[in-house]
Structure formats: C-alpha cells, structure tokens
Amino acid sequence: MLHSTTLASLLLVADLISAASHPLPPTVHLSSGTILGNTCKHTPVKQFQGVPYAHPPVGHRRFMPPELFNGRYPNGYLDATKPPPACIQWGSAFDVTDTPLSEDCLYLDVYVPPHATFKSSLPVKVFAYGGGNDGGAITYPLYDSCNLATDAIVVKFNYRLGPLGFLALPDAGIRGNMAIQDYLAALTWVKHNIKAFGGDSTKVMLFGQSAGADDTFVVSTLPEAKHLISAAVMESGGGQDVAPYKTATYTGKSYAKTLNCRSDDVSPHPSLNMKPFKLTMPPV
C-alpha cells in the first residue's frame, strides 16, 4: 500500500513538473470566440497577435470605411500566436520588408502584464505607428511592446496606407480618410473588448509617433473621440501639416487620371491590380 501511494505521489510530482515546464497558453474569451496567445520571448508579458478588428478591406470594401469585425472565429478559436500581415507599403523609410504584405491587414496586437486578469481594470495604451502614412506596420521591430506592458495593457494596430488609406474621390463615392476611420474602428474594438484582457475602457490613451502623431491629432478632434479615448499623446508631429480636403480631392483626381480611371466611377477600382497602382506613386 505504501509502495502504491509513493508511486502515485511521484506521478503527481512528475505531472506538476511537466505542467510547470509546459504551461498552458494564455487565453481570452470574447463574444467572437476564444483567443489563444503566447508569452513574449524575453519577458513574461502575454501577447495576442493578429486579432481582427475589422473585416478585410478587399473587393467591394476597398477604399470604403472599415466594417467592424462582428463574426465568429473558425470553430470558436483564434490562433493569436503569429504576427499578422502588414498593409501595402508605398515607399517610406519605415517600409516593412520582413513581413508578408496584404490588403487584408486590419489586425491588432494586445500585450498584457503577466499577472493581469479580467478584473484588473488596467489603463490601456493604444499605439499608432509612423511612416509618413505610406509605410509602417505593427510588426516593425522598433514597436515591439513586450517591454512596455508592465503597468498597462498595450494595443497596437495596423491601418491602411497610401491611396488605400487616404485617396479622396468624392464623385466616385470614395470620401477619403479611410485610415482615420481604421483608427476609430480599432478604438471601438478596444472599447468593446479590452475588459476581457484586464483593461479599463474608460482609461484609453492613444499615442502616435510621426505620422501616427498627426493621425492621433486628427482623431482627437473628432466627436467620436470623447467616447473612445481619455487622453492623446503626439510624439513628433501633431497635425500642423495635415492636407486640406480640397488638396486631397485634387490629388485624387490627378491620381485617377494617371491610372486611366474615371474620377467619378468607383466600379473599376476594387479590382485594380496593385502593381500598376503602386507604380504610379511618386518616389519618396
């Protein structure tokens, strides 16, 4: 009897050691399903990568405002352990070259302090990257957030760049500032879901760098801002050189003409091949 009891104890200890060396991945439960994350390589911060906040802006959604993601994850689960694709790059010092590029890019990453629970009510820092609104992505190495999420939840999100994010052709139904609306969609996702990660949706700070600072300034002036953020920080930049809408529409018409597209007809644009579309971009 003693021998069997000792053997059972040894097996239990072995199971505990195995569980300690192979801990379960961090998980978060949302209305869309369960998100499976992992732990940062060099810190104990929990990270959830590639979480969709809007439906892919492709096909008839190209050049249109983002549609908030409201579906279910396949089989009720989302593997959030791999970085998402970057949005199409248009020629910037911050162009991403080590991550696949795609128009299907409206994803965000969430970083959570190791001991946070859904009851923690931590403040939330939402980061907007720079790159001249032509380049950049949340996968850019400079924006690694594994050391930042110590006393707050950190969220960083992709937004559309270049013409896909800012083309304005009102006669064709393309009103421009799609990227700014991506910001609002990402912040709306945060408002609806961040509590499950341990965040407080009433304590959200949007902070942007360079072009992200300009965009943060624009967002902070919108009526939606008071419902989505409680603070804004602009790091280099801040809205002084934002183009007037008249200039944006003039540029849009010139761009459409270069592509041999009508400026009053949206129908050809959703199927336009990206290669000639990009070749018309002036060098930076």
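Every read-out reported here was derived from the displayed coordinates using simple, explicitly stated rules and does not represent laboratory data. Keep in mind the model is a prediction, meaning the values are calculated, not measured. As a convention, Cβ positions derive from the backbone with ideal geometry for all residues, glycine included, and neighbour counts pool all protein chains shown.
The helix-based estimate of mean residue ellipticity at 222 nm for the chain, built from -39,500 (n - 2.57) per DSSP H run of four or more residues and divided by its residue count, is -8000 deg cm²/dmol to the nearest 500. The GNM of the chain, with springs linking C-alpha atoms under 10 angstrom apart, assigns the highest mean-square fluctuation among LEU169, LEU106, LEU187 to LEU169.
Once both labels are positioned 7 Å from their Cα atoms along Cα-to-Cβ, the gap between LEU148 and LYS226 label points is 2.8 nm. If you restrict to DSSP beta bridges whose two residues both lie in the chain, what percentage is antiparallel, to the nearest 5? Given both bridge residues lie in the chain, the antiparallel proportion sits at roughly 45 percent.
Over the chain, the alpha carbon radius of gyration divided by the compact-protein estimate 2.2 N^0.38 Å works out to 1.16. Length gained on full extension, THR99 to SER254: 52.7 nm, using 0.36 nm per residue less the C-alpha separation. With 24 Å as the limit on Cα-Cα distance, the pairs of LYS41/LYS203; LYS41/LYS191; LYS226/LYS253; LYS191/LYS246; LYS46/LYS119 that go past it are LYS41/LYS203; LYS41/LYS191; LYS226/LYS253; LYS191/LYS246. Let a ≥ b ≥ c be the square roots of the eigenvalues of the Cα gyration tensor of region 62-157; is it rounded (a/c under 1.5), or, if not, prolate (a/b larger than b/c) or oblate? Judged from the Cα gyration tensor, region 62-157 comes out oblate (a/c at least 1.5, b/c at or above a/b). Projecting the Cα atoms of ILE174, THR202, GLY162 onto the charge dipole of region 25-279 (Cβ charges, centred on the Cα centre) puts THR202 farthest toward the positive pole. Considering only VAL28, VAL51, VAL204, the mean-square fluctuation computed in a Gaussian network model of the chain, springs between alpha carbons under 10 angstrom, is largest for VAL28. Among residues other than ASP200 with Cβ under 13 Å from its Cβ, the summed charge is +4 (Lys and Arg +1, Asp and Glu -1).
Each Lys and Arg contributes +1 and each Asp and Glu -1, all at the Cβ; summed about the Cα centre of region 25-279, the dipole is approximately 380 debye.
Taking a sphere under 14 Å around the Cβ of VAL154 and counting the other residues whose Cβ falls inside, with K and R at +1 and D and E at -1, yields a net charge of 0.
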